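The values are calculated or read from the model by the stated rules, or taken from the named source; none is laboratory data. Keep in mind it's a predicted model, so treat the numbers as computed, not measured. Backbone-built Cβ (ideal geometry, glycine too); neighbour counts: all protein chains shown. For the accessible areas, the whole protein counts, side chains as well, though only heavy atoms, and no ligand, DNA or RNA atoms are used. Shrake-Rupley method; radii C 1.70, N 1.55, O 1.52, S 1.80 Å.
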Amino acid sequence: ANAAPADSYLQSAHDYEKARDLKSAEIQLRNALEAEPANGTICVELAKVYLAMGNPNAAQAELYAAHTRGVHDDVIAPLMAQAMLGIGQYGDLLKNVPAGNRPAKIESIVRMYRGLAFLGLNETANAVQMLTDAERLDPNSIEPKIAHARLLMTQKKPDDAAAEINSALAKSPHNSAALEMRGILYQMHGQLDQALKQFSAAIAADPRNVRA
């Protein structure tokens, strides 16, 4: 009797997300937003779905909408950084999503994306600082380790990169991005059969991993 207008749509969207049917999840979230147009949390949910679909432009638009609806920076900042990195807006990311004093896990994600933005601008020293901070703030997180491995590869330090990837895979053996990176490392060493196995495993873990 006390259900909010969007509740049934949100439940359906979450069910579709679990089934990896992101297009149907998007439709249900659009229905939910129509039912509750002032609900910024629904905009955030849409942004997450768009990021999973590989559509950072649409995600960015939803995050701006969430901001105007009063959603807190702690929620928006890591997702906005991810979207801007996906679009290639490195300078805008660094300007509009600054490092701050957010909760450690959230700040770790923000600094990871800032580090990758610096890497995209060939500002290696700043990239090192941000990615080191990201790992320090959340030592158990997988994503900063993978990002740091990318940096180490650009610095021609494959052994150090391999150590980061091995650490990531020890915590999450089926992480698609980490498996992809291990494949690249095998490829760099001319071990092509092993590289193909890792790329195949990465695709099996996440069929949307286009690089793998």
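Any residue in segment 80-109 that's of a type in the set (Lys, Arg): show its pairings with residues that are assigned to a helix (DSSP H, G or I) and open to solvent by less than 50 Å² (accessible area, probe 1.4 Å) at Cβ separation under 6 Å, as long as the two are six or more apart or on different chains.
Arg102/Asp74
Answer yes or no as to whether Asn101 is within 22 Å of Leu121 (Cα to Cα) and either out of contact with any strand residue (DSSP E or B) (no Cβ under 9 Å at 6 or more places or on another chain) or of a type in the set (Gly, Ala, Ser) (or both).
No.
Considering only segment 187-212, how many residues are in a helix (DSSP H, G or I) and either open to solvent by 90 Å² or more (accessible area, probe 1.4 Å) or not small (Gly, Ala, Ser) (or both)?
Residues that pass the stated criteria total 10.
Suppose we filter segment 141-168 for residues that are aliphatic (A, V, I, L, M), under 20 Å from the mean Cα position of the chain (by Cα) and farther than 15 Å from Leu116 by Cβ; how many remain? Give the derivation first.
Pass one, segment 141-168, residues aliphatic (A, V, I, L, M): 142, 146-147, 149, 151-153, 161-163, 165, 168.
When the remaining residues are screened for being under 20 Å from the mean Cα position of the chain (by Cα), the result is 142, 146-147, 149, 151-153, 161, 165, 168.
Pick out the ones that are also farther than 15 Å from Leu116 by Cβ and you get 165, 168.
Summing the residues that are aliphatic (A, V, I, L, M), under 20 Å from the mean Cα position of the chain (by Cα) and farther than 15 Å from Leu116 by Cβ in segment 141-168 gives 2.
Taking the residues in segment 20-39 that are among the small types (Gly, Ala, Ser) and closer than 19 Å to Asn55 by Cβ as candidates, determine which candidate is most open to solvent (accessible area, probe 1.4 Å).
Ser24
Answer with yes or no whether Val71 is modelled with pLDDT of 95 or more, over 22 Å from Leu151 (Cβ atoms), open to solvent by less than 30 Å² (accessible area, probe 1.4 Å) and of a type in the set (Val, Ile, Thr).
The answer is yes for Val71.
Per-residue answers, yes or no, for (1) under 29 Å from Val44 (Cα atoms); (2) open to solvent by 30 Å² or more (accessible area, probe 1.4 Å); (3) among the polar types (S, T, N, Q):
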{"position": "Gln82", "(1), (2), (3)": "yes, yes, yes"}
{"position": "Tyr90", "(1), (2), (3)": "yes, yes, no"}
{"position": "Leu93", "(1), (2), (3)": "yes, no, no"}
{"position": "Val97", "(1), (2), (3)": "yes, no, no"}
{"position": "Glu107", "(1), (2), (3)": "yes, no, no"}
{"position": "Ala117", "(1), (2), (3)": "yes, no, no"}
{"position": "Glu143", "(1), (2), (3)": "yes, yes, no"}
{"position": "Leu179", "(1), (2), (3)": "yes, no, no"}
{"position": "Leu185", "(1), (2), (3)": "no, no, no"}
